[in-house]
There are 2 protein chains.
Amino acid sequence: MPPRVTAPEMLDSETKAVETPEDHADELRLWLRLLTCTTLIEGEVRGRLRQRFDVTLPRFDLMAQLDKAPDGMTLSDVSKRMMVSNGNVTGLVERLVESGHLDRRTSETDRRVQVIRLTKLGRAEFRKMAAEHETWIADLFVDLSPKDVRELMRLLAKTKASAQKSAARRRT
Amino acid sequence: MPPRVTAPEMLDSETKAVETPEDHADELRLWLRLLTCTTLIEGEVRGRLRQRFDVTLPRFDLMAQLDKAPDGMTLSDVSKRMMVSNGNVTGLVERLVESGHLDRRTSETDRRVQVIRLTKLGRAEFRKMAAEHETWIADLFVDLSPKDVRELMRLLAKTKASAQKSAARRRT
DNA sequence: GCCAATTTCTTTAGGCTTCAAATAATTGGC
DNA sequence: GCCAATTATTTGAAGCCTAAAGAAATTGGC
């Protein structure tokens, strides 16, 4: 069987773009593999969080954002950082305020804005979870060499940039 | 400021494992980057699917699985492949049968088993969506060279294997 | 054949998530 | 100061998702 070649570039009598149905199977496979990896790890982390601490992954993620911001964040900030919708954050925050992990107050300078931050309880519980969480992640990636890790970081940064550009193109 | 060094290995008078709080910050950063990439691309694909075809990503994913299995799949198969819970599949399938995209019948040899497959309509619609979907993915990854793609594939395969081993260890 | 264990699927309760529409507050141009 | 546009958040409807419990069917050891 002769090796498959990519479709030859066609010359077009008009100036309009050439429509060669290109083969994007590799990119598709890459995307599926990326998704599989993430789903796998995410599911594992989710399961461990709930088993060990009876907490959901979204709650943990939200607390992680707030732990990095001692002065608090607005809901919009959180929404952008977590890449989830505003309405989603509203609900999440509500439940975490309810359970005493979050403090929420209206900004004094702009009454549209809600500033949330971790309570003492919230911070303490998060720190405990985060320490263990870090060991889980380390274990999940344990077979990667430091070089693998660096290489992946680099390639994923490139991927992120590419995807962001593509997304921006669409929004134009 | 002197460069930070990793914690020195401590000698322990007992034979028990040395408890050096190791630094796993790199793995953590890698995980966050992986998650960001996936979330970014997934959100983009979700948005385009709904804009162009008014279909959700989970539905598209389910149809993609079935497109590869002309003889149909059982719900359990689907659940494993998609890495989602059984109950989730039950609901998804219900809605897709309702909309005429899926055909569902009880296996003749094992009456516990439900076999689902794409209807003619389902297959036709999926094929149309899939063709466009592939171009979106290609565009999202467009800044990666073929070598980058190969490298990422390799490293993600390694990552997947590592995570699966880790998950298996936990279940022991 | 019997029945305990297993497998397949559904159901339920609760939470997560999105999108779109609505509400409320601020800002900027005039 | 007024008001249109913008920004921040909430609400509501629909769907997605999980974990756990339950129902139905099959299997395997005896």
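The values are calculated or read from the model by the stated rules, or taken from the named source; none is laboratory data. Keep in mind the model is a prediction, meaning the values are calculated, not measured. When we count neighbours, we look across all protein chains shown, and the Cβ atoms used for this are built from the backbone with ideal geometry, even at glycine.
Below, the figures for the structure above:
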read-out	value
Of all residues in segment B:44-56 being surrounded by 16 or more Cβ atoms within 10 Å (Cβ to Cβ) and within 12 Å of chain A (Cβ to nearest Cβ), the one that is farthest from the chain's Cα centre (by Cα)	B:ARG48
From the options A:VAL97, A:VAL115, A:VAL149, A:VAL89, residue that is within 16 Å of DNA strand C (Cβ to nearest atom) and within 20 Å of the chain's Cα centre (by Cα)	A:VAL89
Subset of segment A:62-75 (residues that are among the polar types (S, T, N, Q) and more than 11 Å from DNA strand D (Cβ to nearest atom))	A:GLN65
Complete set of residues in segment A:119-172 that are in contact with a strand residue (DSSP E or B) (Cβ under 8 Å, 6 or more places away or on another chain) and buried (at least 19 other Cβ atoms within 10 Å of the Cβ)	A:GLY122, A:PHE126
Segment B:87-110: number of residues that are within 11 Å of DNA strand D (Cβ to nearest atom) and assigned to a loop (DSSP other than H, G, I, E, B)	5
Set A:VAL113, A:VAL78, A:VAL84: member being within 7 Å of DNA strand D (Cβ to nearest atom), modelled with pLDDT of 95 or more and either under 15 Å from A:ARG59 (Cβ atoms) or more than 14 Å from chain B (Cβ to nearest Cβ) (or both)	A:VAL113
Residue in segment B:119-141 that is on the phi < 0 side of the Ramachandran plot and in a loop (DSSP other than H, G, I, E, B) present	yes
In segment A:27-83, the residues that are under 30 Å from B:VAL149 (Cβ atoms) and of a type in the set (Lys, Arg)	A:ARG29, A:ARG33, A:ARG46, A:LYS80, A:ARG81
Within segment A:133-145, tally of residues that are over 20 Å from the mean Cα position of the chain (by Cα) and either closer than 19 Å to A:PRO58 by Cβ or more than 7 Å from every other protein chain (Cβ to nearest Cβ) (or both)	1
